[in-house]
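Input: a single structure, listed below in structure tokens.
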Amino acid sequence: MAMDPEGGFGQIMSMARGFQVAKMLMVAVDLGLFDFLAEPKSAVETAAWLKADARGAGIFLNGLAALGLVDKSGDYFKNSELASRYLVQGSENYRGAIIKHIEHTWERGWKDLKETVLLGHPPQADPEKWLDARPERDEAEVRAFTWGMHAIARDLAPQVAARLDLSGVRRLLDLGGGPATYAINFAQANPGLQATVFDLPMPLEIARENIGKNGLTDRVGALAGNFLQDDIGTGYDFIWISQILHSHDEGQCRFIIAKAVAALAPGGALAIQDFYLNADGVSPAGAAMFGVHMLAVTPRGRAYTHDEVAAWMQAAGLATPEFIQSGMDASILVAKKR
């Protein structure tokens, strides 16, 4: 994310105004506007549906049109092709849940970023008493988070399933697997594989819903628990941990890895996907920015370098990990149990 000196003050202003676009999108999703604008509606009709001020609704709709989220024809507004594809509830490609989750992270952390930077942790958190980074939260928030993770993973999971060699795997554990997106794709790509998704009870409600929708209830199971405290089972041929470590401190990361290695059968493999940093701590830019996100929303999480995690894996009894680029700033470290 290097600054362009030729961009001048305009580049700075573009950064400063970035919140405006984000907040407009979040408000439109929260209001369900894209569900209403599946057919052309006027600002007056939209205001009546929202029980809102007609002036405010009209200005807001014009702004959404300027962003390309709705199309305007005369006095009427309708979803753009982009919004129709991703932001209408009930559609196959609906991704609004991740937008709602991002809005929750603003309320839960980003709005306090100045204090967090000064303290080293969110002001409402006590890192000395932080034993569990994954407590149960408000049901609506958990559902938004879990379906949001599915919205991100659903495009990447088939690519990951195609890249990982699971041909000899019979028992797979998806640790902290949330909506079961990866477990489902692994099972679909490997007919002889039986998978278990381990997570807290509320995310597993969505996992079971997703598993059932994909017709895999006989091959993908769900096991409820807290992986920092509870038994995760044993004898797995392969354990998959995706986007979990960054929410935890180094001690917890080492604990999670050691626990996973202990749960592997002899010769089994552990794969850890995350937003890994390079040794410089700055690149890739997406991982560096995600590190700031973890600073804002977790008591002690951060982005880790792939060298750090590879060293922890080897210290826990794994062979030298293989590095695999997976996509969307994510990559995978995979290694067999020695």
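Just so it is clear, none of the values below were taken in a lab; they were calculated from the coordinates. What you see is a predicted model, and the numbers here were worked out from it, not measured in a lab. When we count neighbours, we look across all protein chains shown, and the Cβ atoms used for this are built from the backbone with ideal geometry, even at glycine.
Quick notes on this one:
- Placing +1 on the Cβ of every Lys and Arg and -1 on the Cβ of every Asp and Glu, with nothing else charged, gives the chain a dipole about its Cα centre of roughly 360 debye.
- Length released on extending from residue 53 to residue 224, taking residue separation times 0.36 nm less the Cα-Cα span: 56.9 nm
- For the chain, averaging the sequence separation of C-alpha pairs within contact (under 8 Å, six or more residues apart) and dividing by the residue count gives a relative contact order of 12 percent.
- Residue by residue, region 235-246 carries 3J(HN,Hα) couplings of x, 7, 7, 8, 10, 10, 10, 10, 6, 10, 4, 4 Hz when phi is fed to the Karplus relation 6.51 cos²θ - 1.76 cosθ + 1.60 (θ = phi - 60°); x denotes Gly or Pro.
- ³J(HN,Hα), Karplus 6.51/-1.76/1.60, whole Hz, each residue of region 151-165, x for Gly, Pro: 4, 7, 6, 4, 7, 7, 4, x, 5, 5, 4, 6, 8, 7, 8
- Antiparallel beta bridges, as assigned by DSSP with both residues in the chain, represent about 45 percent of the total such bridges.
- Region 5-91: mean projected area of Cα convex hull, nm²: 6.7
- Computed extension length for residue 217-residue 328: 37.0 nm, one decimal, from 0.36 nm per residue of separation with the Cα-Cα distance subtracted.
- Lys pairs under 19 Å by Cα in region 5-91, provided they are eight or more residues apart or on distinct chains: 4
- Between region 305-338 and region 262-277, the alpha-carbon centres lie 7 Å apart.
- Across region 15-153, the relative contact order, built from alpha-carbon pairs under 8 Å that are at least six residues apart, equals 21 percent.
- For the chain, the equivalent ellipsoid derived from the Cα gyration tensor has semi-axes of 38, 25, 18 Å, listed largest first.
- Spin-label proximity, residue 125 to region 298-319 - amide N less than 11 Å from point 7 Å beyond Cα toward beta carbon: 298-303
- Net charge dipole size for region 5-91 [Lys, Arg +1 and Asp, Glu -1 on Cβ; Debye, nearest 20]: 140
- Among 35-46, 8-19, 262-273, sorting by the average number of other beta carbon atoms lying within 10 angstrom of each residue, highest first, gives 262-273, 35-46, 8-19.
- Gain on full stretching of the segment that runs from residue 305 to residue 194 - 0.36 nm per residue minus C-alpha separation: 36.8 nm
- In terms of overall dimensions, the C-alpha atoms belonging to region 137-270 reach 40, 37, 23 Å along their principal axes, ordered largest to smallest.
- J(HN,Hα) series, region 321-338, from Karplus relation 6.51 cos²θ - 1.76 cosθ + 1.60, nearest Hz, glycine and proline x: x, 8, 9, 10, 6, 10, x, 6, 6, 9, 8, 10, 10, 10, 8, 8, 6, 6
- Counting only DSSP H runs of at least 4 residues, each contributing -39500 (n - 2.57), and dividing by the residue count of the chain, the helix-based mean residue ellipticity at 222 nm comes to -14500 deg cm²/dmol.
- Scattering profile of region 10-49 at q = 0.26 Å⁻¹ [log10 I(q)/I(0), Debye over alpha-carbon scatterers]: -0.84
- One Cα centroid belongs to region 56-83, the other to region 167-226; the line between them spans 40 Å.
- Dividing the mean sequence gap of close Cα pairs (under 8 Å, 6+ apart) by how many residues region 5-91 holds gives a relative contact order of 28 percent.
- Computed about its Cα centre, the charge dipole of region 15-151 is approximately 360 debye, with only Lys, Arg, Asp and Glu carrying charge at their Cβ.
- Projecting label points 7 angstrom from Cα along Cα→Cβ for residue 13 and residue 114 puts them 2.3 nm apart.
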